Each structure stands twice: as structure tokens, then as C-alpha cells.
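Please treat every number below as a calculation from the coordinates, not as lab data. Computed from a predicted model, the values in this text were never measured in an experiment. In this analysis, Cβ positions are derived from the backbone assuming ideal geometry, glycine residues included, and neighbour counts consider all displayed protein chains.
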Amino acid sequence: MKTDVEELTPTRVKLTVEVPFDELKPNLDKAYKEISQQVRIKGFRPGKVPAPLIDKYVGRGAVLQEAVNDALPELYGRAVEETEIFVLGQPDVEVTELDDGKQFAFTAEVDIRPKFEVPDYDGLEVTVDDAEVTGEQIDETIGNLRERFASLTTAERPIEDGDFATIDLAAVIDGENIEDAGTSGYSYEVGSKGAVEGLDDALVGLSAEESATFTSTLVGGERAGEEAEITVTVQSVKVKNLPELDDEFAQMASEFDTIEELRADVETRLGRQVKMQQLSDARDKALEALLEKVEIPLPDKVVEEEINRRNQQLEQQLQMSGLTKEAFLADEEKTEEQFDSDVADAARLAVKGGFLLDQLAVQEELGVENEELSEYVVTQAMQMGVAPQQLAEYLTQNNQLPAIVSEVLRSKALNLIVEHVTIKDESGNELDVEAIRRELDGQSGETVEVPSADDAEAAAADEAQEIADGAADAADADRADVEQAKAANADAEAEADAGDAEAKKDA
């Protein structure tokens, strides 16, 4: 077999492959056998029809086509291996010659990983935020924990902002009741702006058993995006009562005896999280700094696939939250054109970063051990809330292991870059990454896996709120453990914010 490579662009090549006809003999034999099983010719049992009769009644051309279709995947794979190119995606194949008994030839156009050298990354310097925990952050975290233990009491007065109202909703369009837009007995926090636009204004001032009608756009269901007349009826009005911030609250909400001990623990947890965020930011900024030093041509198809993946992910998230894309864009204060441009920029940066890390892994001859794969699967399974064995079986059955190997390799390559980069905080202090990791390991008792920030959604997220929510979850989990110890047969309650964890992980 002879293979020639023609570079069409820095990211796309054309393979021209010539194959001696003799190499197709196993495929021809297989084609005759399969066709023999399918045809029905008088006097011959299925599978026993001679080749000359198949040529006569079915046609030699059909046999050749079957043989070529069977041979192409293997021949293409051999051509790729012989030319030592790193292909991306599926090829566009065209049979250019099929001379029966003499020669077979085909061409294959395919995207490839561009060739480039990773620039020197010794001496790079990046700056991350200070690992500072403010009193406001501590107060906000304890405030969130306090909200968990709030109680509701019925109020015999009109609704005010911040009240909780139990309501019924009914939507009508052109006299038709829209069933999937209505609900009954829905508990809603007035002023949260978490439901239908205009609902908050309609509720303020209403008392129990009173109703109001307003016009709004439906955000979910079959009639999403259409204007409807919405009637809200109040069943009851309740006021939220927060517990006092005293030692009694600390004992109720945690394993600590005093509010001072609880505050100290929250400060420690926040300190751990901001240090983990420093490591995550250091990884991302180190990669960004190195990417600025190199130009890498990007295949259009690969970038397009990444854009599609991100848009599909957004659609799934919007469906789960019951929001329309229009409402999402309004919340982000972006036009669709601006959002599409941001997604495209993020996709190009992600593809470029992937290429750079892949090339660094090749240059440094990095590999992946079975233990590293197992550790990755276990970590992902914990974050997803599934059994590691279940996830491993899914990855194997769906041929996802090569992608997992690639991800682990990229992580090792990024760690290598970080080891050679000088990292300083905004106060000018140089950070010892390994020392921070050892400190975090000592606090958790297990190896810290530093996540990378998601390069599309994380920029728009409120990091301070995420940190506060994470610490509140941790405090709540501790409280659940104590309650379990006090009652041997009690079920422990655990809460996890999977959306936040995924947002921090996706890189």
C-alpha cells in the first residue's frame, strides 16, 4: 500500500492511498460469503451459492462495493498510522479508482492536530487574588446558615416584600386555560424574582383569599414565550423568623457550643476554599499566559463542534431551570449576538488550550497509569453522586476511556506548567503551590484535586456567593453528622450543590 500526504491547510490534509488489488482478497471472500447468505437461488442452500453465480445474478459490482466498504476503515487506519498524523474527527473519503483485478485507490481529507512547538514556560509569572477572608464573607455565610433554620408563622396582614405566600396560579391565553402554566399550593418568597415576571408586584398588598390578575410572558411549557393573563390567588401569608445569633443557635446548627467557635470554623472553611480557588486560578492563568506566547491554527470543524457542545449544555441547563434563552440573555444583559461571540471566543480558547496541553504531553512523554485513571473515575463519581463501578462501566461501554485518558494527560501537562511558573498574590507574596496543597491535604485527610474554573459560565458567576453557599453546606453537613451520632437509628441528611461543583470543574 502506498500513501501520499498533501497539506491542504495547517490543520487539514489529503491522503491519497493506492492499494494493490490482491490486498482486497480477504474482503472479497467475506463479501461473497455474506451475499451468499442473503440471495436465494434455486438448487442452492443459503451460504452455498458459488461465486460465479453471485457475479451472474447479483453482479460483480455489488461484490466489489461490499468488499471496498469493508476494507476502507482498516486501510484508512493503516494510512494514518504510517504517515504519523494526529487526525481529528471523521474523514471525507472518496474512491478514485477501482480497477477489478488490478488496483484500488481512494482519497481521504481529514482535520489534523496542528504542528507547533510549546514555547518555554520557565519564568512565566501570574497573579492571583489574595487568600483573604473578610468579616463580611463570614457574616454572609452564617447568615445563609441562619436562613436554613428560619421558621414561618402565619401573618394576618397584607403581603410585604420578603414574606412567604402560599399561592395558586392560573394562566389564560385567548380564553383558553393553559394547564401546564398553572399550579396550586405553591410556596413563594415575595421579592425573590424567581417566578413569573410581574408576580412580585401583583402579590404585594394582597391578603389571604384575595386575587390579582396581570399580564406576563410564560417562561415554560408548550406556550412558552407567549403572553398570558395570569391570576394569582393567595392562600396564606407567612413571615420568616430568623433565629438569634447566639450560643443556642450555634448548638442547634453545628457541633459547636458557642457562636464564636462557629464563626472560627466558618472562617477556617472559607480560608480553605479561597486557597483552593487560588490554586485553580493559578492553573488557569498559567495556561492563559502560555497560550499568549504561541499562535496555533485551529480547525474550523473542531471549533464548531465545541461551540455546539457549549450551546447544547446551555439548552439543557435552561430546560432544567425552566428559563427561556431570552430570559437568560436579559439576566446576563447581553444580546444574542454578544453571547454567541463570547461562546465562540471561549470555544476557540478551549480548543487552543487543549492542543497546547496535548502537544506538551507528547513533548514531555507523559503517560497515564491505571491508578491515575482509577483515581479520576472515583473523583468524578463522587462529584456526580454515583458508584465508581457504575461510572467505570458506563465509560467503558460508551467507549469514553480514550477521552478520559486525554483529560488526565492534559491535567498532568497543566500541573507541569504550574510547577515552572512563578505565582504571586496581589499583595506581592510568592505562593508555594506544593505547600498550599500539603496544608489543604492536612486539613482534609485526603489528596486535594484542584478543579479548573469553567471558562464560559464561571466568569458570570458570583464567586463570593458560591464560597458562602459552599461553607454553609459544609456546616450543615457537620450538623447532620452530629445528629446522626446522637440518634443511632436516625438517617443523616446531606445536601450537595451539584450545579456549583460542575461549574467549578468544567474546563
note = Per the stretch 2-112, sqrt(5λ) over the Cα gyration tensor eigenvalues, sorted largest first, in Å, gives 34, 12, 10
request  = Find, among the GluC sites (Glu not before Pro) in the stretch 151-244, those assigned to loop by DSSP (not H, G, I, E, B) with at most 16 other beta-carbon atoms within 10 angstrom.
outcome  = E156, E160, E197, E209, E210, E222, E226, E244
message = Once you order the gyration tensor axes a ≥ b ≥ c over the Cα atoms, which shape class does the stretch 227-353 get: rounded for a/c under 1.5, otherwise prolate or oblate by comparing a/b with b/c?
response = oblate
inquiry  = With +1 assigned to the C-beta of every Lys and Arg and -1 to the C-beta of every Asp and Glu, and no other charges, what is the dipole magnitude of the stretch 87-138 about the Cα centre in debye, to the nearest 20?
reply    = 380 debye
note = Expected sort for L203, L291, L24 with the fewest Cβ neighbours (10 Å cutoff) up front is L291, L24, L203
request  = Have a look at Q278, V239, G77 and report the one farthest towards the positive end of the charge dipole of the chain, computed about the Cα centre with Cβ charges (Lys/Arg +1, Asp/Glu -1).
outcome  = G77
query = Taking the Cα centre of the stretch 151-241 as the origin, how large is its charge dipole in debye, to the nearest 20, when only Lys and Arg (+1) and Asp and Glu (-1) carry charge on their Cβ atoms?
reply = 440 debye
key: Debye, to nearest 20: dipole size of the stretch 261-303, +1 on Lys, Arg Cβ, -1 on Asp, Glu Cβ   = 140 debye
query = Gain in length, F214 to L416, computed as 0.36 nm per residue apart minus the alpha-carbon separation, to one decimal in nm?
reply = 66.8 nm
Modelled FRET efficiency - R0 22 Å, E393 with Q38, Cβ distances, 0.05 increments = 0.05
ask   = Using the Cα gyration tensor of the stretch 231-292, with a ≥ b ≥ c the square roots of its eigenvalues, what is the shape: rounded (a/c below 1.5), prolate (a/b larger than b/c) or oblate (neither)?
value = oblate
query = Could you name the lysines in cross-link range of K240, using Cα to Cα under 29 Å and dropping any fewer than eight places away on the same chain?
reply = K193, K486
key: aspartates and glutamates with Cα under 15 Å of K25, excluding same-chain neighbours fewer than 8 positions away   = E34, E66, D70, E74, D99, D100
ask   = What length, rounded to one decimal in nm, is gained on full extension from E332 through to M320, with 0.36 nm per residue of separation minus their alpha-carbon distance?
value = 2.5 nm
ask   = If the chain between E227 and S374 were fully stretched, how many nm would it gain, using 0.36 nm times the residue separation less the Cα-Cα distance?
value = 47.7 nm
query = Do the alpha carbons of any pairs in K33/K102; K56/K102; K2/K352; K301/K325 sit beyond 29 Å of each other, and which pairs?
reply = K2/K352
message = Under the √(5λ) rule applied to the eigenvalues of the Cα gyration tensor, what semi-axes describe the equivalent ellipsoid of the stretch 54-152? Give them in Å, descending.
response = 64, 27, 8
note = Given Cβ charges of +1 for Lys and Arg and -1 for Asp and Glu, the option among A105, L314, F149 whose Cα lies farthest towards the positive end of the dipole of the chain is A105
ask   = In the chain, which helices (entire DSSP H runs) extend 24 Å or more along their own long axis, judged by Cα positions, while averaging at least 0.5 on the Kyte-Doolittle scale?
value = 401-419
